[in-house]
Each structure stands twice: as structure tokens, then as C-alpha cells.
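Below is one structure, written out as C-alpha cells; the observations come after it.
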Amino acid sequence: MSGAEVLDIAREGIWVLIIISAPMMVVGLVVGVIIALFQALTQIQEMTLVFVPKILAIFVTLLIALPFMGATMAGYMNRIADMIIFGG
């Protein structure tokens, strides 16, 4: 296996990581912005107010996106296993 193939596998692994983590990161960002807007409008400056809704939203998103995440990781692992079996 050449260096270019190793870099391709690593690049693909990074893209799989980004694709898998994107739904939770986007939901966390949206919930954080909504709560920050709510805090700015109501002048409630409680620092811990953000954590519980964010954790709940990310957990629900994780439960919803789990089949997609599993299928994406399984596809990547199958490609890696095929490369190992067939030698590239």
C-alpha cells in the first residue's frame, strides 16, 4: 500500500467523521443561538441555562440520526475491510 492510498483512507475517514458529527453539531449550534437570543431578549443572564436544552436536543438528535451514523460507519468499514482482503 502506497502513501497516497493511506492518505486517501485517512481523508475519507475524516470526511466520515465530519458527516457523522454534523447533525449533532448543527442542532447544538441552533439550540445555542435560540437560547442566546432568548437570553438577550429577556435579559436573563444565567450561564447554566444553555446546557440542559442543548444536551436534550443533542441526545434526541443522536437517537434520530443513529441509523444513518451506523450505516455510514459500516459502509466505511466495509470499504476498509475490502481493501485489506483484496490488497488495495
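The values are calculated or read from the model by the stated rules, or taken from the named source; none is laboratory data. Please read all numbers here as calculations on a predicted model, not as lab measurements. We place every Cβ from the backbone using ideal geometry, glycine too, and count neighbours over all the protein chains shown.
Key figures
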| read-out | value |
| --- | --- |
| Meets criteria (aliphatic (A, V, I, L, M), loosely packed, with under 11 Cβ neighbours inside 10 Å and modelled with pLDDT of 95 or more) for ALA71 | yes |
| Flag for VAL30 being modelled with pLDDT of 95 or more and in contact with a Ser or Thr (Cβ under 7 Å, 6 or more places away or on another chain) | no |
